[in-house]
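> Supplied in structure tokens, the structure appears directly below.
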Amino acid sequence: MKTLLTIISINLMLIINAQYKLSDPEATKETVNLYKNLVKTQGNGYFVGHQDDLAYGVYWKYQEGKSDVKDVVKDYPAVYGWELGNLELGKDKNLDGVPFDKMKQYIQEGYERGGIITISWHTNNPITGKNAWDSSNQSIKEILPEGSKNKILEDYLDKVAAFLIDLKGKNGEPIPILWRPFHEHTGTWFWWGVNSASDEEYKELFRFSVDYLRRTKNIHNLIIVYNTSVEYATPEEFLKRYPGDDYADIFSFDAYQRGRIEGGEKFSQQLDTLLSAMNLATKKHQKISAIGEIGYNKIPDKDWFTKVLKPVFDNHHFSYVLFWRNAGFKPDNNEVEYYLPFKGHPAEKDFIKFYKNKKTWFENDARNMKLYH
Ligand code: BMA
């Protein structure tokens, strides 16, 4: 009886997984392998990631091999987040000061060790020339095909393409990238957000950019991440600006706890709602789900990981979660920002507990899973 049930459930898994298809039919071998492995492992646990992990931590910058995560749990994160903002302007450092040539090395290192790479892009506003947070435009028509400023967007994408093309593994193979452009689009703060681009304009921007990288630039190592902020409660709302099945592989949202520690319960409930609604959408469209960004700045609650996150994470299927960056002190606005504990932080013990949980996968787990094979 038990064997029969196992056979049925394995076959059922195969049938379900067979419907999953990467949006780029020309994707490279390693990209297809990564995608299939993300589909296969989803639900058994989740990969844990960190933005800018290898570049700096709260009290250090650019030290070979160092990582706040590794200092605490003796393992690197499974997912490495990197950010391309300012690359489009021809600068040699991103908007947070990370040199692009170093970023390339870190990406190669993480990939060679078996980790997963995801990239976001707080791109400059091509209409006003100001930064990503300038949402003063009420339309983005000008930068879409036929628009008078379409060339500026193409020029930005050319710079992104050159960077992506340069990301190669030891054998010269393109490194698969989870590409998360025009993120948090349900919010109002970015120039591609809800107050600054209509739903149709947003979809067109998304499709145009993906097509440009795929077709014009012949880039086929991207797994595309569709990413909202927290402004939805139903799958329909989540998909309001969805560019279509050929333009997305992973569905995700970004969410942060803010304010008092007592708000933890409310944040758990919010995560539960966001994951439930998103997962109805992922099921319908046969896509992978993930949490694109998360955090509670400075982690004021020393039990946050196992008390607030773990219970709700354990109740849902999703592939990975990315904690935002350990920026430390930011001289530009005199603020301190970090989302994972460093050695000596009060939440260190709790994060180690979170690490030891079977469902959380860090780099050693990812390497053992041979995600690119
Ligand atoms: C924000 C903050 C900023 C940073 C931006 C892009 O959430 O961390 O300091 O410039 O992300 O990485």
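The values are calculated or read from the model by the stated rules, or taken from the named source; none is laboratory data. Predicted, not measured: the structure shown is a model, and the values here were computed from it. Methodologically, a virtual Cβ is constructed for each residue, glycine included, from the backbone with ideal geometry; neighbour enumeration extends over all protein chains shown.
> Right, A366: over 26 Å from D245 (Cα atoms) and within 13 Å of the ligand (Cβ to nearest atom) or not?
For A366, the condition - over 26 Å from D245 (Cα atoms) and within 13 Å of the ligand (Cβ to nearest atom) - is not met.
> Out of the residues in the range 353-363 meeting the condition of being under 21 Å from L271 (Cβ atoms) and assigned to a helix (DSSP H, G or I), tell me which one is farthest from the ligand (Cβ to nearest atom).
Just the residues of the range 353-363 that are under 21 Å from L271 (Cβ atoms), to begin with: 353-355, 357-362.
Within this subset, residues satisfying the condition of being assigned to a helix (DSSP H, G or I) are 353-355.
Working: K353: 26, F354: 22, Y355: 23 Å.
Ranking the candidates gives K353 first.
> Still on this structure, please answer the following. What are the residues in the range 276-300 that are crowded, with 21+ Cβ neighbours inside 10 Å and not in a loop (DSSP other than H, G, I, E, B), if any? Steps first, answer last, please.
So in the range 276-300, the residues crowded, with 21+ Cβ neighbours inside 10 Å come out as 278, 282, 287-293, 295-296, 299.
Passing the criteria: M278, T282, I288, S289, A290, I291, G292, E293, G295, Y296.
> Only one of these conditions is not met by N297: (1) closer than 24 Å to Y226 by Cβ; (2) in contact with a strand residue (DSSP E or B) (Cβ under 7 Å, 6 or more places away or on another chain). Which number is it?
(1)
> Quick one: in the range 46-69, which of the residues that are in a strand (DSSP E or B) and over 17 Å from the mean Cα position of the chain (by Cα) is nearest to the ligand (Cβ to nearest atom)?
Y56
> Looking at the range 165-198, which of its residues are buried (at least 17 other Cβ atoms within 10 Å of the Cβ), under 25 Å from R215 (Cα atoms) and among the charged types (D, E, K, R)?
The one that is buried (at least 17 other Cβ atoms within 10 Å of the Cβ), under 25 Å from R215 (Cα atoms) and among the charged types (D, E, K, R): R180.
> Among the residues of the range 27-69, which ones are surrounded by 17 or more Cβ atoms within 10 Å (Cβ to Cβ), of a type in the set (D, E) and either free of Cβ contacts under 8 Å to residues at least 24 places away in the same chain or under 26 Å from Y339 (Cβ atoms) (or both)?
Within the range 27-69, D52, D53, D68 meet the criteria.
> Looking only at the range 70-119, how many residues end up being among the acidic types (D, E), in a loop (DSSP other than H, G, I, E, B) and more than 15 Å from the ligand (Cβ to nearest atom)?
We begin by selecting, within the range 70-119, every residue among the acidic types (D, E); these are 71, 75, 83, 88, 92, 96, 101, 109, 112.
From what's left, in a loop (DSSP other than H, G, I, E, B): 75, 92, 96.
From the residues that got through so far, the ones that are more than 15 Å from the ligand (Cβ to nearest atom) too are 75, 92.
Residues in the range 70-119 being among the acidic types (D, E), in a loop (DSSP other than H, G, I, E, B) and more than 15 Å from the ligand (Cβ to nearest atom): 2 in total.
> Here's another thing I want to ask about it. Can you go through E204, E154 and tell me which one is away from the ligand (no atom under 16 Å from the Cβ), under 24 Å from D254 (Cα atoms) and in a helix (DSSP H, G or I)?
Details: E154 fails: under 24 Å from D254 (Cα atoms).
The conditions single out E204.
> Still on this model: Those residues that are crowded, with 17+ Cβ neighbours inside 10 Å and either modelled with pLDDT under 95 or in a loop (DSSP other than H, G, I, E, B) (or both), I need them from the range 128-146; list them, please.
Across the range 128-146, the qualifying residues are A132, S135, N137, I140, L144.
> Quick check on the range 13-24. Is at least one of its residues within 16 Å of the ligand (Cβ to nearest atom), under 29 Å from N218 (Cβ atoms) and free of Cβ contacts under 8 Å to residues at least 12 places away in the same chain? Can you show your working first?
From the range 13-24, those within 16 Å of the ligand (Cβ to nearest atom) are none; that's our starting set.
No; the residues of the range 13-24 include none that is within 16 Å of the ligand (Cβ to nearest atom), under 29 Å from N218 (Cβ atoms) and free of Cβ contacts under 8 Å to residues at least 12 places away in the same chain.
> Looking only at the range 336-354, decide whether some residue is exposed (fewer than 13 other Cβ atoms within 10 Å of the Cβ), closer than 19 Å to F318 by Cα and without any contact (Cβ under 8 Å) to a residue 60 or more places away in the chain.
no
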